[in-house]
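Report on one structure; see the data block that follows.
The values are calculated or read from the model by the stated rules, or taken from the named source; none is laboratory data. What you see is a predicted model, and the numbers here were worked out from it, not measured in a lab. Ideal geometry is used to build each Cβ from the backbone, glycine not excepted, and the neighbour counts take in all protein chains shown.
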Amino acid sequence: MRTVYTKIEQIVGNVVTVAASDVSYRELAQITSAPGTAQQRSSLAQVIRLEAGRVFLQVFAGARGISTDAEVRFLGKPMEVSFSDALLGRVFTGSGVPRDNGPVLTQNMVPIAGPSVNPSERIIPRRMVRTGIPMIDVFNTLVESQKLPIFSVAGEPYNQLLSRIALQAEVDVIVLGGMGLKYDDYLFFKETLEQKGALARSVMFVHTAADPVVECLMVPDMALAVAEQFALQKKRVLVLLTDMTNYADALKEIAITMEQIPSNRGYPGDLYSQLAARYEKAVDFQSAGSITILAVTTMPGDDVTHPVPDNTGYITEGQYYLRNGRIEPFGSLSRLKQFVNGKTREDHRTIMNVMIQLYSSCKEAREKRSMGFKTSAWDQKLLDYGDQFEREMMDLTVNVPLEQALDKGWQILASCFEPAEAGVPSRLAEKFWPKK
Amino acid sequence: MSSTRGKVVGVNGNLVTAEVDRAVMQNEVVYVTTGPLRLKAELIRVRGRFVEMQVFEDTTGLRAGDDIEFTSTMLSAELGPGLLGRVYDGLQNPLPELAAQTGFFLQRGTYLPSLDRTKQWRFTPKAVVGSSLIAGDLIGTVPEGIFAHRVMVPFGHPAALTVQWVAPSGDYTVEEVVARLVDLNGGVHEVCMMQRWPVKLPIRAYQERVRPKDPLVTQVRIVDTFFPVARGGTYCVPGPFGAGKTVLQQITSRNADVDIVIVAACGERAGEVVETLREFPELIDPRTGKSLMERTMIVCNTSSMPVAAREASVYLAVTVAEYYRQMGLHVLLLADSTSRWAQALREVSGRLEEIPGEEAFPAYLESVIASFYERGGLVKLRDGTTGSVTIGGTVSPAGGNFEEPVTQATLKVVGAFHGLSRERSDARRYPAIHPLESWSKYPSLVPIADVEFGRKLLRRGNDVQQMMKVVGEEGTSMQDFVVYCKGEFLDAAYLQQDAFHDVDSSTGGDRQKHVYGLLVQVLQKDLHFHDKDAARTFFQRLLQAMIDWNRAPFGAPEFQSGEQRIRQMVAEVTSTREASKAGAS
Ligand SMILES: Nc1ncnc2c1ncn2[C@@H]1O[C@H](COP(=O)(O)OP(=O)(O)OP(=O)(O)O)[C@@H](O)[C@H]1O
Ligand SMILES: [Mg+2]
């Protein structure tokens, strides 16, 4: 029989402290307010520090309403999640409690935030994930096992983009981790997955903006632990994490409560390591399945140098910039694209490079025009090109397979330039340049 | 075995506090044991009865009262034949062997010998019985792949030793005694092929350090021609995320003209190491005809692996680099990214509640970085041969802003700076090394006058471009416009290089001399055009020809014809000069 502690010494933010022994680091505890209290509450909590006979506990449901005589019962194990096919179609909170009307799952509990994959067991990614979006397929190909965030400001249709990719991608299981999600957005995901018949291959861990902030911290680990189990069963899993900035803000809150010295705009010095530990769960197993992570990182103030997008960019394998409802070619990057775009079609890489370089020159020409300078004949060509490029490639309503998008690329180039002007290697120009 | 005992009293992330009863040593390796688990840690602070340790593993499950085991040794590397071709974590555990034991996932508390204990090496004795040797002197050699691996007097011996016995030629394991040495007091020291060295201390068993001056050809044009690295030099590559630091290091690790490459993947993506891991065994090193892996060692402590081991990983890498340098070899150490190691220091410093410096980095950050890069260098060994350790580290500045502490501390101590810029990488001008902001203190492989010419052209071209933004193209003189075109051309035709093209990705020293020589000739010519559009069209066509030329193998028929074509194109505009003048008058 484990001791029950009933003397909370300190409550700061969502962290409570009790004097206790025989407690292990990261162990769970159940905190229940003393019987007869007006607000009868019970919540899980996790040990986040041991210090000279005192134990610091982070309370999942928040410390609000916790009395100093509440009962603290240690459970002797760290956080776990139930794993089985029964998860499919279900929705849970960050601490694993059903959000739908389904039963509580308790069989086959697996630890969350488990060890990382041995790098020598990883393989080089090799499969493209087709999305039908030219700005992705042609210019920044998404690759199975990639970890990639969508950088955007609040108000952009990032969740729509996320769900569109999820539905169009050929994956076996979709795991959604929602952090600080607006309730409407949660319903949007649920309904979209339902309508497209994808709910039966989806699991959702959802923390909404109204839920206790500590539960937000559990979401990525819960989602990824489940994803890992499916992947070990040879499933191709797509994990959607939205919005990781809320997750980082929850980390910040806890760090400040624990009086950690902030490194940058209040964020803890280990933000990079914390984010990396989650994103690095993306993997392609040699003899099993894979985990691909698509995340949303909203940029406060549209500032990519803000610590959250900045640290994210250093961790992920590229990023998609969503701005004004379009995926921006500048700044957007899939770092794994070269593993797959050499095997699609021989003109893929050239179209990719040439079109972006010209679009960048077009931007310069636009700048010139807006400054009121005379535009040269060459500038005029670039301006024409830019308009066509935006209309027929960048617009998110365009939904075509890669090959058609490449053909479209050549048509746009040929309608604006001579092959040499476009900077296309002669060999490819001969083969693909549309004859007038 | 030391008899000092301790008990855990506190756990905060990877920092564990314990109460001890006897003498301890700063930086000694300790083990924290809980149940069947035995976790490696390093003692980093002593305060009275209490000591603080950074644990190299996840600390979940540790509890107050857990035992601490002391070892009285500092964190050390195993040095001996069999390091090359291997993949280690930051604590020198061989990762493939770990996988064989624990499967897909790393399991904390599993530690394996770094060097194979059963493999036998063909030993040839070199030391003469009766002769007097000091630390680092040769005892014998064993073939390790393409190298004659030197078995040396252990670096820790402070004084001269007399050779009493050397093993005859034969096959020995790394733990078998191959020599017996006697010190001045008559004490006998047994030497085997393997020795241990504390990773945080530099190996200094050489005669003297000399100034690095020979170029280390990386086959990256903008580096070798404009911002060269020297054998034994140090350089850093700061840049915002996605600017191309890792790609640059990857191609350098393949193409660099050195004997040995040590790759330290420190706190970055595991996927990037996997590329090296999977590709190198398949790639043939043209200089040796053997697989690239035979000259490579990888230390891999990626971002989701224990943070405390990041520091160990860079020190392990540099220790192994120094070890091979002692064999008269040229070693290149590539560390990606030194910022992750600095961040690990910051995390620990925060937990120790030290007074923070800028951006919460510890006050000693600068001296730690300086003493790391100081371990690079060119040395003359006692047998007259030279060996070198060249260190290239990437830096990942927060927000891409070079004014931050890690970049600034690094810039103070390195000999070359390859600053990557966001504008260049966004414009896909790879490698995105900024040609106007980067610098190098080492000599280039092309004549200095030519480098100066190129730099000046780039600067003037940039000036014209800035000016054009204000006054427009129509307000720019024809002469200035040509300067601008020339600058852009030099940039696109030479500085930019496609890392993923078989030929373009690596340009050898001779080819660089040849191509850059021709470019200088061309760009020094007075080129005249009817109007700006004609100039632009000409440079576009010339660039096209250059790109084709860059993609032709050096010396191949396409290479010859490509050159012919370029010369001819230039001749056309040079010779039309008089004609066009005549036409205009
Ligand atoms: N020399 C190059 N040629 C072609 N593409 C390049 C080159 N360098 C970089 N890239 C492109 O840029 C991407 C990012 O490069 P890289 O991974 O080297 O960036 P990084 O600076 O190491 O970023 P981080 O700091 O996040 O690790 C690559 O995946 C590749 O698509
Ligand atoms: Mg990198």
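Assorted remarks:
- Residue within the stretch A:379-393 that is facing chain B (nearest Cβ under 10 Å) and surrounded by 15 or more Cβ atoms within 10 Å (Cβ to Cβ) present: yes
- Selection status of B:His514, at pLDDT 90 or above and either surrounded by fewer than 20 Cβ atoms within 10 Å (Cβ to Cβ) or more than 31 Å from the chain's Cα centre (by Cα) (or both): yes
- Residues that are surrounded by 20 or more Cβ atoms within 10 Å (Cβ to Cβ) and in a loop (DSSP other than H, G, I, E, B), drawn from the stretch B:174-199: B:Val174, B:Met193, B:Met194, B:Val199
- For the condition at pLDDT below 95 and buried (at least 18 other Cβ atoms within 10 Å of the Cβ), B:Gln540 qualifies.
- Just one of the listed residues (B:Glu374, B:Glu347, B:Glu358, B:Glu354) is more than 16 Å from ligand 2 (Cβ to nearest atom), buried (at least 20 other Cβ atoms within 10 Å of the Cβ) and acidic (Asp, Glu), and it is B:Glu347.
- Hits in the stretch B:380-408 - residues which are more than 16 Å from ligand 1 (Cβ to nearest atom), touching a strand residue (DSSP E or B) at 6+ places or on another chain (Cβ under 7 Å) and either without any contact (Cβ under 8 Å) to a residue 24 or more places away in the chain or within 14 Å of chain A (Cβ to nearest Cβ) (or both): none
- Answer residue from the stretch B:394-420, given it is in contact with a Phe, Trp or Tyr (Cβ under 7 Å, 6 or more places away or on another chain) and more than 16 Å from ligand 2 (Cβ to nearest atom) and is farthest from B:Phe227 (Cα to Cα) among those: B:Pro405
- Here is the figure for the stretch B:490-503: residues that are more than 9 Å from ligand 1 (Cβ to nearest atom) and either over 23 Å from the mean Cα position of the chain (by Cα) or closer than 18 Å to B:Leu519 by Cβ (or both) total 7.
- Qualifying residue in the stretch B:245-252 (condition: surrounded by fewer than 24 Cβ atoms within 10 Å (Cβ to Cβ), in a loop (DSSP other than H, G, I, E, B) and out of contact with any Cys (no Cβ under 7 Å at 6 or more places or on another chain)): no
Residue-by-condition table, conditions (1) among the β-branched types (Val, Ile, Thr); (2) within 14 Å of chain A (Cβ to nearest Cβ); (3) within 27 Å of A:Gly269 (Cα to Cα); (4) assigned to a strand (DSSP E or B):
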residue: B:Val8; (1), (2), (3), (4): yes, yes, yes, yes
residue: B:Gln26; (1), (2), (3), (4): no, no, yes, no
residue: B:Lys40; (1), (2), (3), (4): no, no, yes, yes
residue: B:Ile44; (1), (2), (3), (4): yes, no, yes, yes
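- Which listed residue, of B:Ser72, B:Ser76, is among the small types (Gly, Ala, Ser) and modelled with pLDDT under 95: B:Ser72
- Residue in the stretch B:266-283 that is farthest from ligand 1 (Cβ to nearest atom), counting only those that are among the charged types (D, E, K, R) and surrounded by fewer than 23 Cβ atoms within 10 Å (Cβ to Cβ): B:Glu282
- Close pairs (6 angstrom Cβ cut-off, 6 or more residues apart or separate chains): more than 9 Å from chain B (Cβ to nearest Cβ) and under 20 Å from A:Pro300 (Cβ atoms) in the stretch A:322-340, outside any strand (DSSP E or B) and near ligand 1 (Cβ under 10 Å from one of its atoms) anywhere: A:Ser332/A:Asn140
- Out of B:Val307, B:Val299, B:Val263, one residue alone is β-branched (Val, Ile, Thr), within 16 Å of ligand 1 (Cβ to nearest atom) and within 14 Å of chain A (Cβ to nearest Cβ). It is B:Val263.
- Candidates A:Thr297, A:Thr312 - the one that is touching a residue at least 60 places away in the same chain (Cβ under 8 Å), among the hydroxyl-bearing types (Ser, Thr, Tyr), crowded, with 22+ Cβ neighbours inside 10 Å and within 10 Å of ligand 1 (Cβ to nearest atom): A:Thr312
- Where helices (runs of 4 or more DSSP H) sit wholly within the stretch A:126-216, those with at least 2 residues that are more than 27 Å from B:Arg269 (Cα to Cα) occupy A:158-168, A:183-195.
- Where a residue in the stretch A:89-103 is modelled with pLDDT of 95 or more and its partner, wherever it lies, is of a type in the set (Gly, Ala, Ser) and assigned to a loop (DSSP other than H, G, I, E, B), with Cβ under 6 Å and at least six apart: A:Arg90/A:Gly102
Condition check ((1) within 22 Å of A:Glu418 (Cα to Cα); (2) hydroxyl-bearing (Ser, Thr, Tyr); (3) in contact with a helix residue (DSSP H, G or I) (Cβ under 6 Å, 6 or more places away or on another chain); (4) within 16 Å of ligand 1 (Cβ to nearest atom)) across all residues:
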site: A:Ser332; (1), (2), (3), (4): no, yes, no, yes
site: A:Phe339; (1), (2), (3), (4): no, no, no, yes
site: A:Gly342; (1), (2), (3), (4): no, no, no, yes
site: A:Val354; (1), (2), (3), (4): yes, no, yes, yes
site: A:Phe389; (1), (2), (3), (4): yes, no, yes, no
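- Tabulated pairs, the stretch B:544-555, first touching a residue at least 24 places away in the same chain (Cβ under 8 Å) and in the same structural domain as B:Cys485 (by TED's automatic domain parsing), second aromatic (Phe, Trp, Tyr) and in a helix (DSSP H, G or I), C-beta under 6 angstrom, 6+ apart or interchain: B:Ala552/B:Phe559
- For the stretch B:265-300, a residue qualifies if it is within 13 Å of ligand 2 (Cβ to nearest atom) and either of a type in the set (S, T, N, Q) or in a strand (DSSP E or B) (or both), and the qualifying residues are B:Ala265, B:Cys266, B:Thr276.
- Those helices (runs of 4 or more DSSP H) lying entirely in the stretch B:351-428 with at least 2 residues of a type in the set (Asp, Glu): B:422-426
- Residue match in the stretch B:478-498 (condition: away from chain A (no Cβ under 14 Å), under 24 Å from B:Ala552 (Cβ atoms) and out of contact with any Lys or Arg (no Cβ under 7 Å at 6 or more places or on another chain)): yes
- Residue that is nearest to ligand 2 (Cβ to nearest atom), among those in the stretch B:421-438 that are surrounded by fewer than 17 Cβ atoms within 10 Å (Cβ to Cβ) and away from chain A (no Cβ under 14 Å): B:Glu437
- Residues in the stretch B:82-97 that are among the small types (Gly, Ala, Ser) and within 25 Å of B:Thr141 (Cα to Cα) were compared, and the one that is surrounded by the most Cβ atoms within 10 Å (Cβ to Cβ) is B:Gly82.
- Qualifying residue in the stretch B:135-143 (condition: closer than 30 Å to A:Glu228 by Cα and exposed (fewer than 15 other Cβ atoms within 10 Å of the Cβ)): no
- Residues located in the stretch B:216-253, provided they are more than 16 Å from ligand 1 (Cβ to nearest atom) and either within 22 Å of B:Met327 (Cβ to Cβ) or more than 18 Å from the chain's Cα centre (by Cα) (or both): B:Leu216, B:Val217, B:Val229, B:Ala230, B:Arg231, B:Gly232, B:Gly233, B:Thr234
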